[in-house]
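What follows draws every value from the coordinates through simple rules; no lab data is involved. In this text the structure is predicted, and so the values were computed from the model without any measurement. As a convention, Cβ positions derive from the backbone with ideal geometry for all residues, glycine included, and neighbour counts pool all protein chains shown.
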Amino acid sequence: MKLSIRQALTLGLLAAGGHGASAQNVSLYGITDAYIGSVRGSESRTVLNEGGNALSRLGFRGREDLGGGASAYFVLEMGLTLDNGTIPIGGGFGRQSFVGIDGRWGAIEAGRQYTPLFFNLLATVPFGMNANWAPVQLSGSTDGQPAAMRTVGLLTRQSNLLRYRYGGGPQAKGLRVDVAVAPDEGATGIGGILGLGASYRGSNYFIGYAAQRLDSGSAAATPFHNETQGLNGSYSLGALTLSAAYLVTDSTAPGARRAAHTVLGAAYDVGPHRWMAEINQRDLSGSPNDALAWALGYDYRLSKRTSLYGRLLNLNNRGTAANTLALAVVNAGSGDDVRALALGIRHNF
């Protein structure tokens, strides 16, 4: 008897877990994405990389009906570096690994998850939260900040996170409330986090507010915390969607500067075609080392699961700033700009 990959993996999980979820409740999913590109920063390179449209990943998710409108579920998701076959983010299920229970009253989830700030931004920015090619990611830069802040930029994913969520996913209509907390377990570097988010999606608009406080960790030489607040929204006019976000990060770290980011975007969808534009202005308080990033994108959907895409990105570093996107190499204090072009393919499964 021949088995599909999904059936084989499901049976393997059942055998390992004994009383696991039934086959129809456990699924395998993922994204494979690769592009060829030209990237110029402090040096020029021609690259074959992954993740120009969305970072590659492999995941398992399952759900069990508990009755009375309640369900138990889990997500285990790892990253894939498609060009060389390795697993990033520390290996294992570093992208997401959590278990939850939901009902009419909302949902409670525990494990490694995305933050409320991530979900609010994901709901509106044209390029999504792509770690390498989305201009919104400039908002997480710690360039020009004290060395202690280099590990705590725009944190969008956190371990040990306990969350309460009311409402559907980022694209669901209606009210969404998201509260998440992670304890400081005494590790060096990143400590505890508190995140809050609230949003409302109507028939053709979205508005959201999110805030998070991130502690440096109890083992830090000089403990401090960062606070990031973000207000964002979008409005659709037929096939055209316009979006905006404003994010501010403050820190109690000695020598830290306020970083403010203004993000504007537009997306136009017609048939299999999608055109995108996004710009992010970074203003570092009391410093000439600001930055401006913009990107243009085009996606052509070959099917529901497969798309071809093109990306053009420019990052202008002012003064001696050394911000980077698109995996470009920018030497510290150089003020070098980044220019990048990519042509790629994405396949969902």
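Tell me, what is the percent relative contact order of the chain, built from C-alpha pairs under 8 Å that lie six or more residues apart?
Computed value for the chain: 15 percent relative contact order.
What does the charge count around Val329 come to, taking other residues whose C-beta lies under 10 Å from its C-beta (Lys +1, Arg +1, Asp -1, Glu -1)?
Working: positive: Arg40, Arg45; negative: Glu43, Asp336.
Neighbourhood net charge equals 0.
Of the peptides 140-149, 44-53, how do they stack up when ordered by the mean number of other Cβ atoms within 10 Å, highest first? Write down the numbers at each step before the final one.
Working: 140-149: 19.7, 44-53: 18.1.
The most tightly packed comes first, giving 140-149, 44-53.
Can you tell me the relative contact order of region 240-349? Whole percent, Cα pairs under 8 Å, sequence separation 6 or more.
On the way: 258 pairs, mean separation 19.7, N = 110.
RCO, region 240-349: 18 percent.
Report, in deg cm²/dmol and to the nearest 500, the calculated mean residue ellipticity at 222 nm for the chain, where each DSSP H run with n ≥ 4 adds -39500 (n - 2.57) and the sum is divided by the residue count.
Details: 2 runs with 20 residues, N = 349.
Calculated at 222 nm, the ellipticity per residue is -1500 deg cm²/dmol.
Rounded to a whole number, what is D in µm²/s for the chain from Stokes-Einstein with the Kirkwood radius over alpha-carbon pairs (20 °C, 1.002 mPa s)? Provide the component values of the computation, followed by the final result.
Working: Rh = 21.5 Å.
The estimated diffusion coefficient comes to 100 µm²/s.
Under a Cβ-Cβ cut-off of 9 Å, what is the net charge of the residues other than Tyr166 that fall near it, where Lys and Arg count +1 and Asp and Glu count -1?
Numbers: positive: Arg165, Arg176; negative: Asp178.
In short, +1.
In percent, how large is the relative contact order of region 16-171, given Cα pairs closer than 8 Å and 6 or more residues apart? Could the numbers behind the result be given before it?
Values: 282 pairs, mean separation 26.6, N = 156.
Relative contact order for region 16-171 comes out at 17 percent.
Could you tell me the center-to-center distance, by alpha carbons, between region 209-252 and region 49-106 in angstrom?
With region 209-252 and region 49-106 each reduced to a Cα centre, they are spaced 23 Å.
How big is the equivalent ellipsoid of region 49-89 along its three axes, where each semi-axis is √(5λ) from the Cα gyration tensor, reported in whole Å from largest to smallest?
Details: eigenvalues 206, 19, 6 Å².
The three semi-axes for region 49-89 are 32, 10, 6 Å.
What net charge is computed for the residues neighbouring Gly271, neighbours being all others with C-beta under 14 Å from the C-beta of Gly271, Lys and Arg scored +1, Asp and Glu -1?
On the way: positive: Arg274, Arg301, Lys304; negative: Asp269, Asp299.
Residues near Gly271 contribute +1 overall.
Please state the charge dipole magnitude for the chain, taken about the Cα centre, from unit charges on C-beta atoms (+1 on K and R, -1 on D and E), reported in debye and rounded to the nearest 20.
On the way: 29 positive and 23 negative charges, 163 e Å.
The calculated dipole for the chain is roughly 780 debye.
How far, in degrees from 0 to 90, does helix 5-17 lean away from the longest principal axis of the Cα atoms of the chain, to the nearest 10?
80
To the nearest 0.05, how large is the calculated FRET efficiency for Leu312 and Leu240 if R₀ is 22 Å and r is the Cβ-Cβ distance?
Working: r = 20 Å, r/R0 = 0.90.
Efficiency for this residue pair is about 0.65.
What list do you get for Lys173, Lys304 if you sort them by fewest beta carbons within 10 Å? Show your work: numbers first, answer last.
Details: Lys173 12, Lys304 7.
Ascending number of Cβ neighbours within 10 Å: Lys304, Lys173.
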